[in-house]
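Engineer: Below is the structure I would like to discuss, written out as structure tokens.
The values are calculated or read from the model by the stated rules, or taken from the named source; none is laboratory data. Not measured: the values here are computed from a predicted model. Note that we place each Cβ from the backbone using ideal geometry, even for glycine, and neighbour counts take in every protein chain shown. SASA here: full protein model, heavy atoms, side chains in, ligands and nucleic acids out. Shrake-Rupley method; radii C 1.70, N 1.55, O 1.52, S 1.80 Å.
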Amino acid sequence: QVQLEESGGGLVQPGGSLRLSCAASGSIFSRYAYAWYRQAPGKQRELVARIISGVITNYADSVKGRFTISRDNTKNTVYLQMNSLKPEDTAVYYCNAKWGPLEYWGQGTQVTVSS
């Protein structure tokens, strides 16, 4: 069992930055792959970024060059640095942990990009 707690969301103006954090507890942090997903009102949940190890990452085309996912195995935390934010980035952002058939979700954190 893994518990995931997101933080760092909020209201930011277009062009601004936010850093989301996902603190994991309850199991061996390093064995899991982690990802950030988002869900905007009326839309399906979509993958934003995934980190499989400290080196292997992938991103949705819409965030490439603007967002960076990272993990700190010493702090059991995954981060999503979001720069050059756009109104279309507005969504609830969810942290995800996956290891084989095991998959866990956080409760989500709201990100609103608006002037």
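Engineer: Kindly count the pairs of lysines across the chain whose alpha carbons are less than 23 Å apart, treating pairs on different chains or eight or more residues apart as eligible.
Structural biologist: The number of close lysine pairs in the chain is 6.
Engineer: Taking square-rooted eigenvalues a ≥ b ≥ c of the alpha carbon gyration tensor, is the chain rounded, prolate or oblate, where a/c under 1.5 means rounded and, failing that, a/b exceeding b/c means prolate? Don't skip to the end; give the middle numbers.
Structural biologist: Details: a/c = 1.80, a/b = 1.66, b/c = 1.08.
Because a/c hits 1.5 or more and a/b exceeds b/c, the chain counts as prolate.
Engineer: Could you tell me the distance between the Cα centroids of region 1-55 and region 65-104, to the nearest Å?
Structural biologist: 3
Engineer: Out of the total accessible area of the chain (probe 1.4 Å, heavy atoms of protein only), what percent is carbon and sulfur? All intermediate terms of the calculation are to be shown ahead of the outcome.
Structural biologist: Working: 2970 of 6150 Å².
Within the chain, the accessible surface is 48 percent carbon and sulfur.
Engineer: So how much slack lies between ILE56 and SER7, counting 0.36 nm per residue of separation and subtracting their Cα-Cα distance, in nm?
Structural biologist: 15.3 nm
Engineer: Given charges of +1 on the Cβ of Lys and Arg and -1 on the Cβ of Asp and Glu, with all other atoms neutral, how large is the dipole of the chain about its Cα centre, in debye to the nearest 20? Don't jump to the answer; show the numbers that get you there.
Structural biologist: Working: 12 positive and 8 negative charges, 34 e Å.
It works out to roughly 160 debye.
Engineer: Would you work out which of TYR93, LEU11, MET82 lies farthest towards the positive end of the dipole of the chain, given +1 charges on the beta-carbon of Lys and Arg and -1 on that of Asp and Glu, about the Cα centre?
Structural biologist: After comparing all options, I get MET82.
Engineer: May I ask you to order 79-90, 6-17 by the average number of other C-beta atoms within 10 Å around their residues, highest value first? Could you put the intermediate results ahead of the total?
Structural biologist: Values: 79-90: 17.5, 6-17: 14.2.
Sorting 79-90, 6-17 by mean packing, highest first, produces 79-90, 6-17.
Engineer: May I ask you to give the solvent-accessible area per residue for the chain, in square angstrom, as obtained with a 1.4 angstrom probe? Walk me through the numbers on the way to the answer.
Structural biologist: Details: 6150 Å² over 115 residues.
Each residue of the chain exposes 54 Å² on average to a 1.4 Å probe.
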